[in-house]
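I have a structure here, written as structure tokens, and I will follow up with some questions on it.
Read-outs: derived from the displayed coordinates by stated rules, not from any lab. This structure is a prediction, so every number in the text was calculated from the model and none was measured. Cβ atoms come from the backbone with ideal geometry, glycine included; neighbour counts cover every protein chain shown.
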Amino acid sequence: MKWQGRQRSSNIEDRRNSGGGGLGGRRGGFGLPGGMRIPTGRAGGGGLGIVGIIVVLGIIWFTTGQNPIDMITGGGGSTAPSSNQQWSPSTNAGEDELANFVGVVVKDTEDLWSEVFSQNQLTYQPPTVVLFTDTTQSGCGVAQAASGPFYCPNDKKVYIDLSFYDQLRQQFGAPGDFAQAYVIAHEIGHAVQDQTGVLPEFNRQRGSMSQEEQNAYSVKVELQADCYAGVWANFAKRQNYLEQGDTEEAIRAANQIGDDTLTRGQVSERNFTHGTSAQRMAWLKRGMDTGDVSQCDTFSGAV
């Protein structure tokens, strides 16, 4: 991916020298007029809105025993964020280059979603992206490297421990900078879903759903976030930012982090929260091929 020398987002909060466990704070509805339609996760006429699970990988549920749905709806129990603390950037040169890369990708997502929202007479509120090491406090509870990147709707922030990308490459066999970009674009997709009303509606409706129903709808919203990541990839291609092999890197990553692949057949499909490898690749590719957010409606039928 062509990213060196390009503009970075100003919505980056660097906590890598904070020592872990710190608090940070910043703040980052959707009736659509005519024109481009952005699916809001409502099935049929007035159906149920669905939450976006915060982690791009399903490893929280399968390795830590913590229900990711509790985290996305703010059930992790945390101290309210404070906006008064300052953070110093890391002095690790390799990580700083990766942090710069994250900033460029986030800026690209801001350009895309600002354009899409504007086309619908709406204003996009870019989430803050928090870079941390090992652990830090989020509005959804303690963020830790083992959880993978996630979006927290309580404080409107995306959390990323940059060491996750080593795990993506080494443990999950998904190397390449565009695989890393896919992860970021997916989590930003959850911020979009938050602003379209999907996440608040789920929080309101969740009490009437069984765990199996929550899981099934979570799959739908994760696949929509994958499709949104694909729409961003299409945008990056139109801007001539892609290099040979980039799209294949992202699709390979989607394949490697499907619930069936991660769990090696040891978990029933009714417990899946992110979707199978085939589903994740298909929806990512749909966004890539069309560049059309109206094609990302995972809620109208079978996924």
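Given the Cα-Cα distance of K237 and S300 and 0.36 nm per residue of separation, how much length would full extension add, in nm? Mind dumping the intermediate values first?
Details: separation 63, 0.36 × 63 = 22.68 nm, distance 2.81 nm.
That works out to 19.9 nm of additional length.
How big is the convex hull of the Cα atoms of the range 155-303, per residue, in Å³?
Numbers: hull volume 18.1 nm³, N = 149.
Taking only Cα atoms, the range 155-303 has a hull volume of 121 Å³ per residue.
Tell me the trypsin sites (Lys or Arg not before Pro) within the range 189-275 that lie in a loop according to DSSP and have at most 16 other beta-carbon atoms within 10 Å. Mind showing how you got there, number by number?
Numbers: sites: R204, R206, K220, K237, R238, R252, R264, R270; in loops: R264.
Taking the range 189-275 and a limit of 16 other Cβ atoms within 10 Å, the loop trypsin sites (Lys or Arg not before Pro) found are R264.
Setting aside same-chain residues fewer than 8 positions from K157, which lysines have a Cα under 16 Å from its Cα?
Straight-line reach from K157, under 16 Å: K107.
Something else: Using a/c under 1.5 as the rounded threshold, could you call the range 115-186 rounded, prolate or oblate? The axes a ≥ b ≥ c are square roots of the C-alpha gyration tensor eigenvalues, and prolate needs a/b larger than b/c, oblate otherwise.
On the way: a/c = 3.37, a/b = 1.38, b/c = 2.45.
Oblate.
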